[in-house]
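The values are calculated or read from the model by the stated rules, or taken from the named source; none is laboratory data. Because the structure is a prediction, the values reported are computed rather than measured. Here the Cβ is made from the backbone with ideal geometry for all residues, glycine too, and neighbour counts use every protein chain on show.
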Amino acid sequence: MTESSRPLRFDLIAFDWDGTLYDSTRLIVRCIQAAVIDVGGAKPSENDAAWVIGLGLAEALARAAPDVPKEKYAELGARYRYHYLQHQDDLVLFDGVLQMLDALRARGHKLAVATGKSRRGLNEALKSMALRDRFDASRTADETFGKPHPRMLLELMEELDIPVERTLMIGDTTHDLQLALNAGCASVGVSYGAHEPESFDVLKPLFVAHSVASLEAWLLDNA
């Protein structure tokens, strides 16, 4: 049986964005740290700042800065966006992402994005990377519930009319894999993003990829 004629196991493959497709983890960590310092909070460690990546922005910043009072959350968010916008044009997709997405589309998979980014932030990224036409649907934390609440995945499945057993979620954090578990669908983790892969075991991903190339190979063989 040829690759193109092999039956699909998953009709819908949903990707997290930051740290999974987009090489942005280190920048996000630095921007979280700078924003917290700007509003008078104690600088979070790199591990603490990385752990909140994937959550909605408001929740992420609140968890990264437990000593910052709630009345400063709006300022904290504004400072994060300020620092991020200074460098967002420096960011790139991980090597091999476009090739992987095109191979999956050619095989007939529906592709989606499920991200903790804002709708505005995702649209800007999709436009700058000329990626908009490669995805069939997307959901962001500010238009539904943030991870790991299952709503964004459930909405994607409903929009594209794909059942849960035919849906696969791919992400670099425990928030992504817990999102998949909460929605009742399968998951794959990637180890090159924000969270250490040892933390994935309890969430039972089908596979943990250590590069985009290994992710593509696994998907083409198993999805």
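Here are a few things to note about the model shown:
- Among the residues of segment 11-24, at least one is surrounded by 18 or more Cβ atoms within 10 Å (Cβ to Cβ) and β-branched (Val, Ile, Thr).
- Just so you know, in segment 136-165 the residues that are more than 18 Å from Gln178 (Cα to Cα) and either at pLDDT below 95 or of a type in the set (Lys, Arg) (or both) include one that is surrounded by the fewest Cβ atoms within 10 Å (Cβ to Cβ), and it is Glu143.
- Within segment 77-98, residues that are farther than 17 Å from Gly56 by Cα have Cβ atoms under 8 Å from residues that are of a type in the set (Val, Ile, Thr) and surrounded by 13 or more Cβ atoms within 10 Å (Cβ to Cβ) in these pairs: Phe94/Val212; Asp95/Val212; Gly96/Val212; Val97/Val212, counting only partners at least 6 apart in sequence or on another chain.
- Of the residues contained in segment 69-76, one or more are found to be in contact with a helix residue (DSSP H, G or I) (Cβ under 7 Å, 6 or more places away or on another chain) and assigned to a helix (DSSP H, G or I).
- Scanning segment 87-129 for residues that are exposed (fewer than 14 other Cβ atoms within 10 Å of the Cβ) and at pLDDT below 90 yields a total of 8.
- Taking segment 194-223 as the range and being small (Gly, Ala, Ser) and surrounded by fewer than 18 Cβ atoms within 10 Å (Cβ to Cβ) as the test, the residues that pass are Ser199, Ser211, Ala213, Ser214, Ala217.
- Total residues in segment 139-153 satisfying the condition of being closer than 16 Å to Leu126 by Cβ and in contact with a Gly (Cβ under 6 Å, 6 or more places away or on another chain): the figure is 1.
- So Leu206, is it over 19 Å from Trp51 (Cα atoms) and not in a helix (DSSP H, G or I): yes
- The test for being of a type in the set (Ser, Thr, Tyr), surrounded by fewer than 17 Cβ atoms within 10 Å (Cβ to Cβ) and at negative phi does not hold for Tyr84.
- Consider segment 36-76 and keep the residues that are in contact (Cβ under 8 Å) with a residue 40 or more places away in the chain and of a type outside the set (A, V, I, L, M). The one that is farthest from Glu196 (Cα to Cα) is Asp38.
- Qualifying residue in segment 95-107 (condition: under 29 Å from Pro163 (Cα atoms) and among the acidic types (Asp, Glu)): yes
- The lone criterion from (1) surrounded by fewer than 18 Cβ atoms within 10 Å (Cβ to Cβ); (2) within 17 Å of Asp23 (Cα to Cα); (3) without any contact (Cβ under 8 Å) to a residue 24 or more places away in the chain left unmet by Gly189 is number (1).
- Failed item in (1) surrounded by fewer than 22 Cβ atoms within 10 Å (Cβ to Cβ); (2) farther than 17 Å from Gly146 by Cβ, with Tyr73 passing the rest: (2)
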